[in-house]
Amino acid sequence: YAKRAGGDTHRYFSVQMTEAALRRLNLENHLRRAIERDELELHYQPQLDTHTRTFSGLEALLRWKNNELGSVSPAEFIPLAEETGLIISIGEWVLRRACEQVQVWLDRGIPLTRIAVNVSAVQFLHRGFPGLVRKILNETGLRPEILELELTESALISDVEYVMDVLTELKQIGVQLAIDDFGTGYSSLSRLKNFPIDRLKVDQMFVRNLELNPNDGAITSAIIAMAGNMNMKVTAEGVESKFQMDFLRNIFCDEVQGYLLCKPLPAKQLEEFLNSQS
Ligand code: C2E
Ligand code: MG
Ligand code: MG
Ligand code: MG
């Protein structure tokens, strides 16, 4: 009897495995064609400057909608794109699209000071990444200081000399560098201290519990104090409540971003939102 139960468990387990593997394969096949089929789109989420109380920066966030699969979350398809190498072409598409769009807005007189673009570790470590950034800025005419690259700690933990070379080259081009999801990765401060980073983005995980857990407030304050002393700015992401907003303003967080202010919007709606604010 025990043996039969064991057998059933095993069969159930392998059916689940097969389903996951099939979903993955199916996603991969569709993702491979997503660019040529025009299924990718960027949404933009504004960032509020707490000092001037104006929206200045935007973060570009990738969306994928496929006829068969519907909308697939970046949390699902970005890791897949990284594993399959598709992130190289997708990441290039994102960078070009974001720079093009923001240059169009600037040409129309919309006062934006920054577009933040997420860069995967695979993309960052791919040879020729700084060259690609240079090329896209040239093609689109966007001034380098408008572009901010959001890197993850995982991009910065590999070969320290190579990482430093890439960061230095990016700073020579003139773009801004941010560390995304700060405080949740595995990089050490002793390593990060030498990198030419302009901004830290405090992870949502800390912001979420500001009401409930005093330690999260302590961590966020400490990040802001450290960043200030190191000449870096801080953006808090995932701000959903008035309490969180007031808390962050009181501890002099430079910028806030979250559903409380505005969710990520398609280009046209974002433009309407910005117009309605001014
Ligand atoms: P991220 O870069 O940390 O982006 C912040 C995520 O939080 C976004 O999720 C955004 O929609 C969401 N968010 C914004 N405000 C709030 C809020 O108030 N509450 C909550 N709960 N969430 C909020 P999204 O768009 O699903 O993206 C998830 C992750 O996927 C991103 O995290 C980023 O790591 C990755 N990603 C998205 N677009 C790209 C891209 O173009 N390239 C790369 N490499 N990664 C991307
Ligand atoms: Mg980001
Ligand atoms: Mg983040
Ligand atoms: Mg994140």
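The values are calculated or read from the model by the stated rules, or taken from the named source; none is laboratory data. Worth saying up front: this structure is predicted, and the values here are computed from it rather than measured. As a convention, Cβ positions derive from the backbone with ideal geometry for all residues, glycine included, and neighbour counts pool all protein chains shown. Protein only, heavy atoms only, side chains kept; ligands, DNA and RNA dropped before computing areas. Shrake-Rupley method; radii C 1.70, N 1.55, O 1.52, S 1.80 Å.
In table form, for the structure just shown:
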quantity: Residue in the stretch 112-141 that is nearest to LEU189 (Cα to Cα), counting only those that are touching a strand residue (DSSP E or B) at 6+ places or on another chain (Cβ under 8 Å) and in a loop (DSSP other than H, G, I, E, B); calculated: VAL119
quantity: Number of positions in the stretch 166-218 that are farther than 29 Å from ARG127 by Cβ, surrounded by 17 or more Cβ atoms within 10 Å (Cβ to Cβ) and away from ligand 1 (no atom under 16 Å from the Cβ); calculated: 1
quantity: Leading residue by the ranking (farthest from ligand 4 (Cβ to nearest atom)) among those in the stretch 138-156 that are within 14 Å of ILE173 (Cβ to Cβ) and open to solvent by less than 10 Å² (accessible area, probe 1.4 Å); calculated: LEU142
quantity: Matching residues, the stretch 233-252, being in a loop (DSSP other than H, G, I, E, B) and either away from ligand 2 (no atom under 16 Å from the Cβ) or surrounded by fewer than 16 Cβ atoms within 10 Å (Cβ to Cβ) (or both); calculated: GLU240, SER241, ILE251, PHE252
quantity: Residue that is closer than 17 Å to LEU112 by Cβ and surrounded by fewer than 17 Cβ atoms within 10 Å (Cβ to Cβ), where the choices are ARG63, ARG53, ARG32; calculated: ARG53
quantity: Test: residue in the stretch 74-90 that is in a helix (DSSP H, G or I) and among the aromatic types (Phe, Trp, Tyr); calculated: yes
quantity: Filter result for LEU261 (within 14 Å of ligand 1 (Cβ to nearest atom), modelled with pLDDT of 95 or more and either under 20 Å from the mean Cα position of the chain (by Cα) or surrounded by fewer than 15 Cβ atoms within 10 Å (Cβ to Cβ) (or both)); calculated: yes
